[in-house]
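The block underneath contains the structure these notes are about, expressed in structure tokens.
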Amino acid sequence: MPYITKTLISSEGCDASHDKRLSICLLADGFSFAQLSMDGELLSFCEAAGQHSSSMTDMTRDLMAYFAEMGVRPLAFRSMSLTLISNESVWVPDEVYQVGSNRHYMRLVGGSGQSLMTAQCPSLASTAVFSYNDQLPTAFKVALPGLNVANQHVRFAALAQQFNGGPVLLSHWRNGYVDLAAYRNGQYVFGNTIPFADESTALFLLIDAMKSYGVESEGTSLLMCGDVSRERYARFRPYFPTVTLFSGVAKAGARFRTFHAYRHALTLV
């Protein structure tokens with residue numbers, strides 16, 4: 001089996017209900033997935049590590065075998081989603097979006113225009129064009145028919161109603177990049193992925209982005225998730241009135257009390 005299970009946490013009786021959803025997030029060295037009830041209760045979480053095969057046929061076979069071993073059956077879920085983490089992304093309003101122009105849209109914002117995918121966001125009436133090799137997502141879609149695929153910015157845009165006050169700056173940290181989403185009064189204001197070399201540069205870029213999009217305020221709350229160490233949290237705390245770890249929208253019971261959900265927020269949205 002090419003994948004090994006690094007983390008597995010489940011609630012008692014989580015397999016009894018078929019009225020649930022499956023959320024998956026691709027990682028640099030594997031993937032994580034969570035089973036959730038339709039009202040947001042976290043039922044199980046699993047993190048799998050391993051190298052994906054170079055052949056889509058083999059990838060599909062490996063994924064089907066692993067999910068079967070973990071007791072994950074596609075027909076058991078009301079909905080299934082896969083979140084991809086992309087370093088290049090651009091929003092295009094649906095009213096002007098044209099199939100076949102994806103490379104053009106990406107190059108307008110300085111992107112490479114290579115290996116592009118799209119995902120539609122109904123709440124914004126826009127399509128996200130983003131860079132990603134589609135071979136692995138295709139293998140997941142074959143292994144789990146009916147899977148909804150989108151990148152991190154589409155998932156963040158869908159969270160807007162969770163933030164009825166504002167302004168709020170959501171930051172998802174990973175190796176050399178921070179994914180940003182800003183909200184005000186339940187509305188998604190902007191989203192971007194910013195590369196950074198060190199914490200000082202990241203702080204400057206966050207503040208600059210807030211100024212550029214008009215969400216700089218004495219009341220701005222910073223939410224942090226992903227690769228957030230104590231040192232990183234402490235570094236940003238003096239510059240915002242409120243700094244909070246963001247753990248997605250899942251409601252976790254007592255069995256998950258030692259689970260660092262903020263590290264896997266993209267799996268739990």
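When the chain is treated as a GNM with alpha-carbon contacts under 10 Å, the residue of Gly226, Gly165, Gly191 showing the greatest mean-square fluctuation is Gly165. The per residue volume of the convex hull around the alpha-carbon atoms of region 1-96 is 151 Å³.
The amide H of Phe163, built 1.01 Å from its N in the peptide plane, has Gly186 as neighbours under 5 Å, considering only residues 5 or more places off or on other chains. Where the alpha-carbon atoms of region 88-131 are placed on the principal axes, they occupy 27, 15, 15 Å, in descending order.
Placing +1 on the Cβ of every Lys and Arg and -1 on the Cβ of every Asp and Glu, with nothing else charged, gives the chain a dipole about its Cα centre of roughly 220 debye. Over the C-alpha atoms of region 124-238, the Rg to Rh ratio, Rh being the Kirkwood estimate, stands at 1.01.
Using C-alpha pairs under 8 Å with a sequence gap of at least 6, the mean separation divided by the residue count of the chain gives a relative contact order of 16 percent.
Residues whose amide H comes within less than 5 Å of that of Ala252, counting only those at least five positions distant or on another chain, are Leu42 (H built at 1.01 Å from N in the peptide plane).
Once the other residues with Cβ under 15 Å from the Cβ of Val90 are scored (Lys, Arg +1; Asp, Glu -1), what is the net sum? After counting each charged neighbour, the total is -1. Derived scalar couplings between HN and Hα for region 66-78 equal 5, 5, 5, 5, 7, x, 8, 10, x, 6, 7, 10, 5 Hz in order, rounded to whole Hz, by the Karplus curve 6.51 cos²θ - 1.76 cosθ + 1.60 (θ = phi - 60°), x for Gly and Pro. By the count of other C-beta atoms within 10 Å, a proxy for reagent exposure, His172, His52, His260 are ordered fewest to most as His260, His52, His172.
3J(HN,Hα) along region 40-54: x, 6, 6, 9, 7, 9, 9, 10, 10, 10, x, 8, 6, 5, 7 Hz, from the Karplus curve 6.51 cos²θ - 1.76 cosθ + 1.60 with θ = phi - 60°, whole Hz, x for Gly and Pro. Counting only residues 5 or more places away or on other chains, whose amide H sits under 5 Å from the amide H of Tyr132 once H atoms are built in the peptide plane? The list, which skips near neighbours in sequence, is Leu116, Met117. Treat the chain as a sphere of radius equal to its Kirkwood radius over Cα pairs and apply Stokes-Einstein at 4 °C in a medium of 1.567 mPa s; give the translational diffusion coefficient in µm²/s, rounded to a whole number. The diffusion coefficient I find is 67 µm²/s.
Where a number appears in this text, it was derived from the coordinates with a stated rule and is not lab data. Because the structure is a prediction, the values reported are computed rather than measured. Cβ sites come from the backbone with ideal geometry, for glycine too, and all protein chains shown count toward neighbours.
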